[in-house]
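S.K.: Just passing along the structure, written as structure tokens.
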Amino acid sequence: MAVIGNEAPIAANEQQPAARAAWLPLAATAVAFALLYADPARTLVRDLWHDPEAGHGLLLVPLAGYLAWKSGRAPKATASPLLGMLVLVAAVLLRYVSGLAAELFTMRFSMLLAAVGLIVFYAGMRQVLHWWLPLSLVLLSIPLPAVVLGSLALPLQFRASIMGAALLQLRDVPVLLAGNVIHLPGQSLFVTEACSGLRSLTALLALGLLVGGLWLRHPVTRVLLLALALPVAVFLNGIRVFLTGYLVYYVSPKAGEGFMHLTEGWIIFLVAFAIRGAIAWVLLQLEGMVAARIAMRRQA
């Protein structure tokens, strides 16, 4: 009886080293990841905190972590060590090359790619597909390179300027448009990058991605919701340019700067969010109608 009574403590003592050994690869992986990507992570946090164009990342990254935790492990997810190792090697090579070129975007993207490689290594591609929404939100939180931002902002500035000038002319305001500069009698409005709609476009894309991932079920409606972010951003920033010019011409030149101009931007931004919510609701109703028709056909 004494021998049988001692078997449980002995088995428990044997399981403790095995459990510690199972955690060693994870601990070593975490340390290696932290050492390799300490600098990209530090600069990313710095830019997210100080750059107003990238501030949305401060919300998206914690939200992505919460969504990943809430969705949990994918059913039937199995580890794929070989594929995960290939992705990790590609991420490390990209980290090395981008470090030599001092290119921040690819360096930060390699950090996300390495995280995907680790997920594949320990849980397989099924887990990556299961976490597509959190991973997409993290990708969207990485600031784009300045060259890309400039090439995107300038056409949006021109679009907003053209639309704003056209609306001002409809209200009998004398307007002379020269590129992204709107000349009014005694006053000129310069449509800057902040008024181009690029900042609101990024936020609208993030909102569309989040709403589409949580509410909508079909890939077509999700893509459509994302695609409509661009015309909504251009249209509302054209309205913002029109309102600024209208107030400058009829009320006061101070309406185009300072608190008044900032308030206009926030109001337009809230209207954009409301429009995106309305579009998502319409698409959700369309999904329900299509699903109901499919069900009726199957019953018939």
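The values are calculated or read from the model by the stated rules, or taken from the named source; none is laboratory data. Note that this is a predicted model, so its numbers are computed, not measured. Here Cβ is always computed from backbone atoms with ideal geometry, including for glycine, and neighbour counts include all displayed protein chains.
S.K.: Looking at (1) assigned to a helix (DSSP H, G or I); (2) within 30 Å of residue 240 (Cβ to Cβ), which one does residue 143 not meet, given that it meets all the others?
M.R.: With (1) assigned to a helix (DSSP H, G or I); (2) within 30 Å of residue 240 (Cβ to Cβ) applied to residue 143, the lone miss is (1).
S.K.: Given the structure, is residue 91 closer than 23 Å to residue 25 by Cα, among the aliphatic types (A, V, I, L, M), free of Cβ contacts under 8 Å to residues at least 60 places away in the same chain and outside any helix (DSSP H, G or I)?
M.R.: Answer is no for this residue.
For every residue, the table says whether it meets (1) outside the structural domain of residue 185 (by TED's automatic domain parsing); (2) surrounded by 17 or more Cβ atoms within 10 Å (Cβ to Cβ); (3) modelled with pLDDT of 85 or more.
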| position | (1), (2), (3) |
| --- | --- |
| 204 | no, yes, no |
| 244 | no, yes, no |
| 257 | no, no, no |
| 263 | no, no, no |
| 276 | no, yes, no |
| 281 | no, no, yes |
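S.K.: Something else: Determine which single condition residue 73 fails, assuming it passes every other condition in (1) within 30 Å of residue 211 (Cβ to Cβ); (2) at pLDDT 75 or above; (3) part of a helix (DSSP H, G or I).
M.R.: (3)
S.K.: Which of the residues spanning the stretch 112-135 are in contact (Cβ under 8 Å) with a residue 60 or more places away in the chain, crowded, with 20+ Cβ neighbours inside 10 Å and assigned to a helix (DSSP H, G or I)?
M.R.: 114, 134
S.K.: All but one of (1) crowded, with 18+ Cβ neighbours inside 10 Å; (2) assigned by TED's automatic domain parsing to the domain that holds residue 243 hold for residue 152; state the number of the condition that does not hold.
M.R.: For residue 152, the exception is condition (1).
S.K.: A further question on this structure: Just give me the residues in the stretch 101-111 being in a helix (DSSP H, G or I) and of a type outside the set (S, T, N, Q), in sequence order.
M.R.: Result: 101, 104, 105, 107, 108, 109, 111.
S.K.: Looking at the stretch 113-130, which of the residues that are β-branched (Val, Ile, Thr) and closer than 12 Å to residue 87 by Cα is farthest from the chain's Cα centre (by Cα)?
M.R.: This residue is 120.
S.K.: In the set 213, 238, 208, which member is farther than 30 Å from residue 287 by Cα and either in contact with a Cys (Cβ under 8 Å, 6 or more places away or on another chain) or touching a residue at least 12 places away in the same chain (Cβ under 8 Å) (or both)?
M.R.: Sole residue among the options that is farther than 30 Å from residue 287 by Cα and either in contact with a Cys (Cβ under 8 Å, 6 or more places away or on another chain) or touching a residue at least 12 places away in the same chain (Cβ under 8 Å) (or both): 238.
S.K.: Run residue 142 past the list (1) touching a Gly at 6+ places or on another chain (Cβ under 6 Å); (2) within 21 Å of residue 94 (Cα to Cα) and report the number of the one that doesn't hold.
M.R.: Single failed check for residue 142: (1).
S.K.: Then there is this: Out of 67, 26, which single residue is assigned to a helix (DSSP H, G or I), at pLDDT below 75 and closer than 18 Å to residue 127 by Cα?
M.R.: The unique qualifying residue is 26.
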